[in-house]
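Below is one structure, written out as structure tokens; comments come after it.
The values are calculated or read from the model by the stated rules, or taken from the named source; none is laboratory data. Keep in mind that what you see is a predicted model, and the values were worked out from it rather than measured. Here the Cβ is made from the backbone with ideal geometry for all residues, glycine too, and neighbour counts use every protein chain on show. Please note that ligands, DNA and RNA were not included when accessible areas were found on the heavy atoms of the full protein model with its side chains. Shrake-Rupley method; radii C 1.70, N 1.55, O 1.52, S 1.80 Å.
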Amino acid sequence: HKYRVSIRWHSKRGHCTSTAAKDDGNMPRPEASGPPANYYDATEAAKYTSSSRIIRVQAEIAARCVELLNFPAGARRLVVDVGCGSGLSGAALERAGHAWVGCDVSRDMLRVAARR
């Protein structure tokens, strides 16, 4: 069976929790059906820095995630970005004054992130 995993940061408790739910098929994800290299190759990775729509959506999501982290004003934090992709969320962390380390299953996405 396929499962979706979600991770949630609990700012008041200062920790994360994760949940897994059986994938009902309503949210197909290409990476669930094969290796990431099949879907996040150099061509697909390049779209993340050339598509204005992807950049806008990722920037909005990343900005909201930074807001939800609820770090104290002026505090600089080191954040691990699991599934960092092309580094768009890392850029939002940098704009907010934080440092970040990213990891991703796609080497091509990591190459794009390193160039950013």
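Can you tell me which residue in region 31-43 is modelled with the highest pLDDT, limited to those that are open to solvent by less than 60 Å² (accessible area, probe 1.4 Å) and of a type outside the set (A, V, I, L, M)? Top of the filtered list is D41. Under the condition of being out of contact with any Phe, Trp or Tyr (no Cβ under 8 Å at 6 or more places or on another chain) and not small (G, A, S), which residue from region 89-103 is surrounded by the most Cβ atoms within 10 Å (Cβ to Cβ)? My answer is W100. Residue count for region 57-88 under the criterion of being under 21 Å from T43 (Cα atoms), of a type in the set (S, T, N, Q) and open to solvent by 30 Å² or more (accessible area, probe 1.4 Å): the result is 1. Set side by side, the residues V79, V57, V101, V112 differ, and just one is among the β-branched types (V, I, T) and touching a residue at least 24 places away in the same chain (Cβ under 8 Å), which is V112.
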